[in-house]
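Here's the structure we're looking at; comments come further down.
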Amino acid sequence: MKSLFVKGIWVMLLSISCSVSADNLLVNSDFSEGPATPSKAGFDSAETFDVPHWKNAPGGSYGTAARSNGINQRNGKWFAFFRKNCAGAEQLTEHRLGTNETLQFSFAFQPANRPASGKQVLLAEVFYDDNGTPKSMLSGTFDTDAGGGGWIHDKSLQVDAEKFPDAVGKTIGVRIGINPKSSIPDSAFVRVKDLFLGLPQNTQAEPEKAAEPPQSVLSEMKPKSHVSRFPNIVLIYADDLGYGDLSCYGATKLNTPNIDRLAKEGRLFTDAHSTSAVCTPSRYALLTGEYPFRINNYGPVFCENPLIIDTSKTTLASLLKRKSYATACIGKWHLGFGNERKPDWNRDLKPGPLEVGFDYFYGIPVVNSHPPFVYVENHRVVGLDPADPLIYRRGGKTHGKPYPEKHAAPPKHMPSLIGGKAAHDFYVDEKSAEHLTGKALRWMNQQKQPFFLYYASHNIHHPFTPHPYFHGKSECGLYGDFVEELDWSVGEILAALDKFGVADNTLVIFSSDNGGMFNRGGKEAIRQGHSLNGELKGQKFGAWEGGHRVPFIARWPTKIPAGTTSGELIANMDLLPTFAVISEQKLTAEEARDGTNQLPLFLDNDATSARKELVLMPHKSHHTSLRQGDWVYIPGVGDGGWMKGEKGDLSRQLYNLKEDLEQKTNRINEYPEKAEAMQRALQEMLDTAVPNPEAPKNTEPTAN
């Protein structure tokens, strides 16, 4: 429930006809600490809140309202959120109303100048979250004509659980602002301090019941008696996981003991790349071993897009099937379905995963932030009622439960699918990792031949919806909690391999589809001291290192030296030719034409990379870049994604990553000949691209 307060996107109509704007409830990143902790007289227990400092907030500049502790109102909209300090970390408060509990919201306020004085100037409200919809419990108005404009203390609202039985167990929120019906001028504002939400004297809160852990299916697992000639292969592909998001890569605000175990028992790579900084093209490169620019794919696909992989093309799955591997994709697909635009979601969704080499598919068909919010098993939507079909409607409101950064009711221009309530209800955001992990374990346990599992986790793509058990586990908000849930999934997979008795004959590879993203959850994690992409510059969508340099760990107990690190260059495209060598197959020139066999990097301590260069693909095609040795060339200003350049930046960029991993110094003017040579080499490779009219257009990045 923390997500309710982290971003506050809800739109609700108050009893006095005051609408709450989605935009104006966004907490500005330029946050100022509130007043010192005041007295807590009158409470058995209470939490202290700070008031956001608004500066150029969404919707415009608020002038005098930008003063410390100031709140204001414009166009009939009111705004202010309350934060609490938790061990120095900024977190928005949450409290669940207990049975027979009475809560009191108390504060002090002051008119900033005489025009701010008047009758019923201040408006305060207490509300509860009813499955994503805020329901008002109490609201009140307060006068500010204090004669002299001093602080007015001990104003409060009190809610009693007996009077609001529907709110018991629900998260309680508080909001405050200027009454739009008051007569004060727009230039006036009111300061607020000494904010408490707590238990009045002589009341006792009913203790909250701790959330149960996710359901594990490990007890169902049976040992395997068959030992295959070739190793089992488990490829775990995280979503939007940054270079700094794991303990073994330096994270301190969260813990990932299971992924750390992989690193301790295998090899950790520090110069691994996802080829593309965007999810769909990254997955195309992973499965096919070729650059997505060859099909002009730079952006994400959504529910209207057909399958972007040619079914005649060799993939990781079809390659291994040649050697009698059982193959499954469980998790996020995000590569389209069908041969034409707007596939029929009420019929067989094919071609899809099964037509490119997988024996079994179960998972999220697009992405957890975009419609439809359902599961697909093989060719069919799970739980779909034929009497309630899925229907295309741009901007259509889905039956998906709303969360911050989830397009349950997308903008009008965005593709959507309405209907399908039963299928949408079966998809529970906070239980997805638990559900998909269980599917993966059961599938592995059923196989009697060597198996290839492509576990494409939706963690940690927004919306940040970890299982309730993980709420508060990390020190960097829901972002970190989502990472820790991902680590739990990895732990379940490793424990299952141990229980099967096949761990020693299983190659496990862990990586991410691109770097971390500075979305709302990411920014909140940063404010709490977490570095998503470590010391790297940039983020998802961009050509800077933070967009595509990703965690990469390989463990194969009988082959890969344990506890070792490699700084050699490797890309996700390299897995297909590497798997070909492992399974004793030779590739034609047209198969995995951009990948290289990197098995020596896995097995040998002194091996050097077979890859000497790598094309790096941000969201904007004109920023497609080239890595050669220690050098990276970017043919534009900014990162080619979300991050624009600064005033005075040069029109092109050249960095020496060995000397300057953080990309602080552009060397383009020092080495113009090198830049020109890299530009020519890049253009020669791009000229081999085959136009694909069905590829997603290279528009501005979307918050996918």
L657: passes all of (1) under 26 Å from C279 (Cβ atoms); (2) aliphatic (A, V, I, L, M); (3) surrounded by 20 or more Cβ atoms within 10 Å (Cβ to Cβ); (4) at pLDDT 95 or above but (3)
Given the structure, is H407 in contact with a Lys or Arg (Cβ under 6 Å, 6 or more places away or on another chain) and of a type outside the set (F, W, Y)?
-> no
Do any residues in segment 299-311 that are without any contact (Cβ under 8 Å) to a residue 40 or more places away in the chain have Cβ atoms under 7 Å from those of residues that are assigned to a loop (DSSP other than H, G, I, E, B) and buried (at least 22 other Cβ atoms within 10 Å of the Cβ), where the two are at least six apart or on different chains, and which pairs are they?
-> none
Please specify each residue of segment 634-649 satisfying the condition of being farther than 24 Å from V278 by Cα and either in contact with a Ser or Thr (Cβ under 8 Å, 6 or more places away or on another chain) or exposed (fewer than 13 other Cβ atoms within 10 Å of the Cβ) (or both).
-> K647, G648
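Okay, residues lined up against (1) closer than 15 Å to R593 by Cβ; (2) in contact with a strand residue (DSSP E or B) (Cβ under 6 Å, 6 or more places away or on another chain); (3) part of a helix (DSSP H, G or I):
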position: P300; (1), (2), (3): no, no, no
position: I309; (1), (2), (3): yes, no, no
position: T314; (1), (2), (3): yes, no, no
position: A317; (1), (2), (3): no, yes, yes
position: C329; (1), (2), (3): no, yes, no
position: G336; (1), (2), (3): no, no, no
Just wondering, is there one or more residues in segment 625-644 that are assigned to a loop (DSSP other than H, G, I, E, B), in contact with an Asp or Glu (Cβ under 7 Å, 6 or more places away or on another chain), at pLDDT 95 or above and on the phi > 0 side of the Ramachandran plot?
-> no
Among (1) more than 16 Å from A433 (Cα to Cα); (2) open to solvent by less than 10 Å² (accessible area, probe 1.4 Å) - the single one P463 does not satisfy | (1)
When you look at L287, is it modelled with pLDDT of 95 or more and over 30 Å from K448 (Cβ atoms), yes or no?
-> no
Which members of segment 338-351 meet the condition of being touching a strand residue (DSSP E or B) at 6+ places or on another chain (Cβ under 7 Å) and open to solvent by less than 10 Å² (accessible area, probe 1.4 Å)?
-> W345, L349
Go through R527, R520 for me and flag whichever is touching a His at 6+ places or on another chain (Cβ under 9 Å), over 24 Å from A285 (Cα atoms) and modelled with pLDDT under 95.
-> R520
Residue in segment 414-429 that is assigned to a loop (DSSP other than H, G, I, E, B) and over 29 Å from K540 (Cα atoms) present | yes
Scan segment 386-431 for residues that are on the phi > 0 side of the Ramachandran plot and small (G, A, S) and jot them down.
-> G395, G419, G420
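Here is a yes/no grid of residues against (1) in contact with a helix residue (DSSP H, G or I) (Cβ under 6 Å, 6 or more places away or on another chain); (2) farther than 30 Å from F464 by Cβ; (3) open to solvent by 10 Å² or more (accessible area, probe 1.4 Å):
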residue	(1), (2), (3)
V490	yes, no, no
G534	no, no, yes
T558	yes, yes, yes
E584	no, yes, yes
Give the number of residues within segment 286-298 that are assigned to a loop (DSSP other than H, G, I, E, B), in contact with a Ser or Thr (Cβ under 9 Å, 6 or more places away or on another chain) and crowded, with 21+ Cβ neighbours inside 10 Å.
-> 4
Test: A387 is surrounded by fewer than 21 Cβ atoms within 10 Å (Cβ to Cβ) and either in contact with an Asp or Glu (Cβ under 8 Å, 6 or more places away or on another chain) or free of Cβ contacts under 8 Å to residues at least 12 places away in the same chain (or both) | yes
Within segment 346-379, can you find the residues that are free of Cβ contacts under 8 Å to residues at least 60 places away in the same chain, part of a strand (DSSP E or B) and within 15 Å of H424 (Cβ to Cβ)?
-> V376
Are any residues in segment 491-517 farther than 27 Å from A285 by Cβ and in contact (Cβ under 8 Å) with a residue 40 or more places away in the chain, and if so, which ones?
-> G491, E492, A495, A496, K499, F500, G501, V502, A503, D504, N505
Confirm whether K406 is in contact (Cβ under 8 Å) with a residue 40 or more places away in the chain and open to solvent by less than 60 Å² (accessible area, probe 1.4 Å).
-> yes
Within the set of pairs 6 or more residues apart or between chains, which connect a residue that is without any contact (Cβ under 8 Å) to a residue 60 or more places away in the chain inside segment 232-247 to a residue that is open to solvent by 10 Å² or more (accessible area, probe 1.4 Å) and not basic (K, R) with Cβ atoms less than 8 Å apart?
-> S247/N255; S247/P257; S247/D260
For segment 368-375, state whether one or more residues are of a type outside the set (S, T, Y) and open to solvent by 20 Å² or more (accessible area, probe 1.4 Å).
-> no
Examine segment 199-221 for a residue that is in a loop (DSSP other than H, G, I, E, B), buried (at least 17 other Cβ atoms within 10 Å of the Cβ), modelled with pLDDT under 75 and not aromatic (F, W, Y), and state whether such a residue exists.
-> yes
Would you mind stating whether E434 is touching a Pro at 6+ places or on another chain (Cβ under 7 Å), open to solvent by 10 Å² or more (accessible area, probe 1.4 Å) and not polar (S, T, N, Q)?
-> yes
Meets criteria (surrounded by fewer than 20 Cβ atoms within 10 Å (Cβ to Cβ) and more than 30 Å from T578 (Cβ to Cβ)) for P411 = yes
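The values are calculated or read from the model by the stated rules, or taken from the named source; none is laboratory data. Computed from a prediction, not measured in an experiment: that's the story for all the values here. Glycine gets a Cβ as well: all are built from the backbone with ideal geometry, and neighbour counts include every protein chain shown. What goes into the accessible areas is simple: the full protein's heavy atoms, side chains included, and nothing from ligands, DNA or RNA. Shrake-Rupley method; radii C 1.70, N 1.55, O 1.52, S 1.80 Å.
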